[in-house]
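What follows is one structure encoded as structure tokens, with my remarks underneath.
No lab work stands behind these numbers, since they all come straight from the coordinates. On a predicted model such as this, the values are computed, not experimentally measured, just so you know. Please note: Cβ atoms are built from the backbone with ideal geometry, for glycine as well, and neighbour counts cover all protein chains shown.
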Amino acid sequence: MAALDYNKRLANLQSRRYDPGLREYAVTNKFSASDVPADVKYLFESMRPIDQKYNAKTIQAAENVRTRLERDFNLHFQRDYRTQGSVKTNTNIRVHSDFDLLTIVNKYFYEETNSGAVYTATDPNDDIVEMRKQATAIMKRQYDKVDDTGDKCISIENQNLHRKVDIVFGFWYSTDEYKKNNNEYYRGVDLYNFKIKQRQRDYPFATMSNVNYKGDQTLDGSRKGIRLLKNLRADSDTDFKLLKSFQLTSIVHGIEDHLLVYYQGSELKIAQEMSEQLKKLIEEPAYRVSLQSPNGIERPLYSAETVPELIKLKADLDLLIEDAATDIAGSYNLQRTILSY
């Protein structure tokens, strides 16, 4: 199997972590250290979080969009706004990660059990189409870069903050559990697909809550695993079409917490747990199809078509583990260095 080009991968990683506004890279001070081999450096840097000062700019870009929409909307219904994305779980691998601003009709909602109060005053499809139409016009007056071709969203680029925001439109969906206890964990969002004119249900708050809970329980270990798999996918020669961020997050979420608890210098151990999980998913179809998403609803690896991509991802991961383990085992100084990485 061909060796991994770690210098190229490090260059790619550094590029993903460049903030043009601050003119700096979100990498550690050991990134340029000559006494750390490239394979070890790639392993450790791939697992590091993006500093909150960079993520704060992403959140601010979304807040700016929300403010401008609310200032200029002329609709017969109120709106609610929420944000979602890997920035909210601290599993993003790019300084300029895409970030979703959920823009939600807040006059009526869909519900799991019909309470008998059916809204008929206006057509919900017409309402959400009008909301997107007005949002597009508002954004085009404010921003130079607006992409309104998405099936579910329009996208803007804030050129001052150097951040992209996707404005995603939907309706509230109230589960029975949400109506009982008013805990947004159980609340859903029916995202609207404008191309096929259909609602597609999502439970983003349960997903984010569970990913963050596991991250905290494992002392950031699960988040490190997610970041590692995302970087491997981003730097692979393979064009991954099925293994998206949601699938990679679900892969890590399925690993028992105690196997992912992070302590200083345990990056290699966590990488090995990633490899074991991929092995199990590849070799045990029943386990693969049963793997749940963090919100406990979807089966993100149900299709056997994901297996070739799992095999490729594992192959790259195993090469990285082998190379880094060899270098670490062969150098006492390196073993000491990684304890303070």
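In a fully extended conformation the segment linking ALA325 and ASN106 would gain 73.5 nm over its present Cα-Cα distance, using 0.36 nm per residue. In the chain, a dipole from Cβ-located charges (positive for Lys and Arg, negative for Asp and Glu) runs towards its positive end, and of ILE104, LEU4, VAL146 it is VAL146 whose Cα lies farthest in that direction. Extension gain for the segment GLN52 to ARG71, taken as residue separation times 0.36 nm less the Cα-Cα distance, is 4.0 nm to one decimal. Here each label is just a point 7 Å from Cα along the line to Cβ, and for GLN292 and LYS133 those points are 4.3 nm apart.
Charged side chains reduced to their Cβ positions (Lys and Arg at +1, Asp and Glu at -1) give the stretch 139-195 a dipole of some 120 debye around its Cα centre. Residue separation of ASP257 and LYS269 scaled by 0.36 nm, minus their Cα-Cα distance, works out to 3.0 nm of gained length.
With a Förster radius of 45 Å applied to the C-beta separation of ASN29 and THR113, the computed FRET efficiency comes to 0.20.
Here r is the Cβ-Cβ distance between ILE311 and ASN7 and R0 is 25 Å; the resulting FRET efficiency, rounded to 0.05, is 0.50.
Computed from point charges on the beta carbon alone (+1 for Lys and Arg, -1 for Asp and Glu), the dipole magnitude for the chain about its Cα centre is near 760 Debye.
Tally Lys and Arg at +1 and Asp and Glu at -1 over the other residues with C-beta under 14 Å from the C-beta of LYS140: what net charge comes out? For residues surrounding LYS140, the net value is 0. Ordering 187-198, 138-149, 217-228 by mean Cβ neighbour count within 10 Å, with the highest value first, yields 217-228, 187-198, 138-149. Given R0 = 45 Å, the distance between the Cβ atoms of ASP123 and ASN160 translates into a calculated FRET efficiency of 0.75.
For every other residue with a beta carbon closer than 14 angstrom to the beta carbon of LYS179, add +1 if it is Lys or Arg and -1 if Asp or Glu, then tell me the sum. Cβ neighbours under 14 Å give a net charge of -3. Measuring nothing but how far apart in sequence close Cα pairs (under 8 Å, 6+ apart) lie, relative to its length, the stretch 238-341 scores a relative contact order of 33 percent. Placing a label point 7 Å from the Cα of ARG201 along the Cα-to-Cβ direction, the residues of the stretch 70-105 whose backbone N falls under 18 Å of that point are 105.
Summing Lys, Arg as +1 and Asp, Glu as -1, what charge do residues with Cβ under 14 Å from the Cβ of LYS152 carry, LYS152 excluded? Value of the local net charge: -3.
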